[in-house]
Amino acid sequence: MNRPANLIESIEQIVPNLRKAERRVADLVLQDIEATTRISIKAFAAQAQVSEPTVMRFARRVGCGGFSDFKLRLAQDFAVGRMYIEAERKAQSGDVETTAQRVYQSGVDALATAFAGLDDEALAAAASAIARAGKVVCLGVGGSSALMAQEMENRLFRFGLSVTASADAYKQTMLAAIADKGDVFLLFSVTGKPHSLVDAAEIASGRGAVVIAVTVPHSPLAIRAGILLPLEIPGDEVHFNFPNRTRYGQLLIIDCLSALVGALKQPVSARKLHRIRTTLLSLHGHTEAQPIGD
């Protein structure tokens, strides 16, 4: 069944064309959307002074399978709409200082949450697997997760590891198909639901690779991971124009993994980093405390 992209807007658009009974249904819904999401069909029909079959016909008219489905869709659209409305209201009363403070506090809270949720044993196991890997494949799709995969590649190649990163769904599947035993697949996902990542995890693990997932627990990707680095940051930030703060937690895990892998790869990693620094001197001369490769 085809469903409307936005249920609330669809109801508003069809109100003028509704019969009297169904218009009472629509008016009651729009009068208090949040209350409608919590009411039974019997109580709703009584308030609208219509029959329950009328309520069911209305729900189907707007593309829903029934009243329960209607309430679920309504709740989802209302939550998203409220987020944007609230964000617009707060943005209008904000300024540079308050915006900077909100961004700062959001990052601090995310880091604190991620740090509290760190699994020391899983981190140690992941770092050990990466340090021993014949090849490391870093995968992510969309938003921060794709960037994190690229950043992880950027951190690991400096230690002399064979590492590649991809945000392309087709290539992710191909990389998984040629995985060998002893390879490591490091996957980043805020939701743990993208099909390409879930499929890549399943294929790679089936070929003997170690699959490490930085994602929300109990998600499809988490279930398929051999090592789970749990990351669950509450998504209660109402500003739709703010970047997803989960990336702060992702960066914390990346930094921890990089530091641990670097230590495990000693003294090889130190020699590699020294060669990089020496080579870069020819580009910009000597600099104090210069990040290697920047």
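The values are calculated or read from the model by the stated rules, or taken from the named source; none is laboratory data. Just so it is clear, the model here is predicted, and its values are computed rather than measured. Every residue, glycine among them, receives a Cβ derived from its backbone with ideal geometry; neighbour counts consider all protein chains shown. With ligands, DNA and RNA removed, areas are computed over all heavy atoms of the protein, side chains included. Shrake-Rupley method; radii C 1.70, N 1.55, O 1.52, S 1.80 Å.
Annotations
- Of all the criteria given as (1) at pLDDT 95 or above; (2) among the small types (G, A, S); (3) touching a helix residue (DSSP H, G or I) at 6+ places or on another chain (Cβ under 7 Å); (4) not in a strand (DSSP E or B), the one not satisfied by A213 is (4).
- Meets criteria (open to solvent by less than 20 Å² (accessible area, probe 1.4 Å), at pLDDT 95 or above, among the aliphatic types (A, V, I, L, M) and out of contact with any helix residue (DSSP H, G or I) (no Cβ under 6 Å at 6 or more places or on another chain)) for A129: yes
- Of all residues in segment 169-197, those that are on the phi > 0 side of the Ramachandran plot have Cβ atoms under 8 Å from Cβ atoms of residues that are assigned to a loop (DSSP other than H, G, I, E, B) and open to solvent by less than 40 Å² (accessible area, probe 1.4 Å), 6 or more apart or on another chain, in G182/A133; G182/G208; G182/A209; G192/V216; G192/S219.
- Number of the condition not met by F70 [criteria: (1) at pLDDT below 85; (2) under 14 Å from E9 (Cα atoms)]: (1)
- Looking only at segment 150-196, and only at residues there that are small (G, A, S) and part of a loop (DSSP other than H, G, I, E, B), the one that is surrounded by the most Cβ atoms within 10 Å (Cβ to Cβ): S189
- Among the residues of segment 220-245, those identified as at pLDDT 95 or above and in a loop (DSSP other than H, G, I, E, B) are A225, G226.
- Hey, I212 of a type in the set (A, V, I, L, M) and touching a residue at least 60 places away in the same chain (Cβ under 8 Å) or not: yes
- Screening the candidates A46, A79 for the property of being modelled with pLDDT of 80 or more, open to solvent by 30 Å² or more (accessible area, probe 1.4 Å), in a helix (DSSP H, G or I) and among the small types (G, A, S) yields one hit, A46.
- Filtered residue count, segment 24-43, keeping only those that are under 20 Å from D77 (Cβ atoms) and surrounded by 16 or more Cβ atoms within 10 Å (Cβ to Cβ): 9
- Among the residues making up segment 145-173, those that are in contact with a helix residue (DSSP H, G or I) (Cβ under 6 Å, 6 or more places away or on another chain) and among the hydrophobic types (A, V, I, L, M, F, W, C) are M148, M152, F159, V163, A165, A167, A169.
- Taking segment 133-148 as the range and being surrounded by fewer than 24 Cβ atoms within 10 Å (Cβ to Cβ) and not hydrophobic (A, V, I, L, M, F, W, C) as the test, the residues that pass are G134, K135, G142, G143, S144.
- Residue within segment 56-68 that is surrounded by fewer than 18 Cβ atoms within 10 Å (Cβ to Cβ), of a type outside the set (D, E) and under 18 Å from A79 (Cβ atoms) present: yes
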